[in-house]
Structure formats: structure tokens, C-alpha cells
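The values are calculated or read from the model by the stated rules, or taken from the named source; none is laboratory data. The structure presented is a predicted model; accordingly, all values stated were derived computationally and were not measured. Counting neighbours? That spans all protein chains shown, and the Cβs are built from the backbone with ideal geometry, glycine included.
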Amino acid sequence: MEWKVGDWCFFEYALREVKAVKDGKPSELDNGVATTYVPLTSLSSNSCFPLLMEIKEVSDKFANKEAELEKFFGTIVNMWRIRKYFIELWVEYCRKIGNEEKQKEIIEQWVSFCQKVEDNSREVFRFEVDDVAIF
């Protein structure tokens, strides 16, 4: 897709406005609060996706699960690594639009990862003092 200033896209599963373009790729994105400068040599430069309902729906799923995990773990877990992994899977999913089998595999991988995080955290945070659950 050839992007233009003023276009809207999904970037890291959030809606952004394209504020600058270089070589047909967004180089500056804005969400109304902050501006993101996109390095043209990185994975990020190929991580803008058009406004499609399918992309919006999967973006919401990823964003909601990330927020849920962040709320549960707070600052005790390395959320930036989880976010990085989520974004990698989200990008892979968006690049597979039209290939439902591959998309299904990606979602299954994501769901499995989330389930493992949740299951393992229950074990890690099972801690009591005088029969009072601390975690």
C-alpha cells in the first residue's frame, strides 16, 4: 500500500494518523496525544495496516489482553517483552489477511501463550501468610 499524509492506519494495534511519509511508508504517526517516529529500516516501517474491520477486531483483542495482563501483573512482570511478542504476532496475523488457516494458527499460538502465562502466574503468585492470600 502506498501511504499518504492524512491516511489512517493501525500501528501496534492502535489507530494512528499518518503525519509524514518517506518512500511510500509512514515515517511519522500520531494518535492525537503523542507522535511516533517510525524508523524506515525497522520492522515497524512495514507494520502499518489499513482500516479493515478484521484488523480492528484483532487489534482490540490484542490490546484488551495486554491491558488485562498489565492490570494483573502491574510492574512485577516484564510487560514490554510480552508487548513485543504480542506485536510480532499481531503483525504476522495482519500480513496473513486472506489466509484464514495461517491466521487461525497465529491466534492459536497467541491463545496458548496467554494461557501459559496465566497458568504459570497462578503458581508463581500463590503465596500466603498466616492463611491470608497475599497474591
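Okay, here's what the table says:
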read-out: Yes/no for GLU28 being exposed (fewer than 15 other Cβ atoms within 10 Å of the Cβ) and either under 29 Å from GLU108 (Cα atoms) or more than 18 Å from the chain's Cα centre (by Cα) (or both); value: no
read-out: Matching residues, the range 106-122, being surrounded by fewer than 16 Cβ atoms within 10 Å (Cβ to Cβ) and within 24 Å of CYS9 (Cα to Cα); value: ILE107
read-out: Subset tally (residues that are at pLDDT below 85 and under 21 Å from GLN103 (Cα atoms)) for the range 67-86; value: 0
read-out: Residues (in contact with a Leu (Cβ under 6 Å, 6 or more places away or on another chain) and of a type in the set (Phe, Trp, Tyr)) located in the range 10-36; value: PHE11
read-out: The listed residue being surrounded by fewer than 15 Cβ atoms within 10 Å (Cβ to Cβ), modelled with pLDDT of 95 or more and under 10 Å from the mean Cα position of the chain (by Cα), out of ASN64, ASN99; value: ASN64
read-out: In the range 67-103, the residues that are within 15 Å of PHE10 (Cα to Cα) and part of a helix (DSSP H, G or I); value: PHE86, ILE87, GLU88, LEU89, TRP90, VAL91, GLU92, TYR93, CYS94, ARG95
read-out: Conditions (1) out of contact with any Lys or Arg (no Cβ under 9 Å at 6 or more places or on another chain); (2) over 20 Å from ASP119 (Cα atoms); (3) modelled with pLDDT of 95 or more; number of the one not met by TYR93; value: (1)
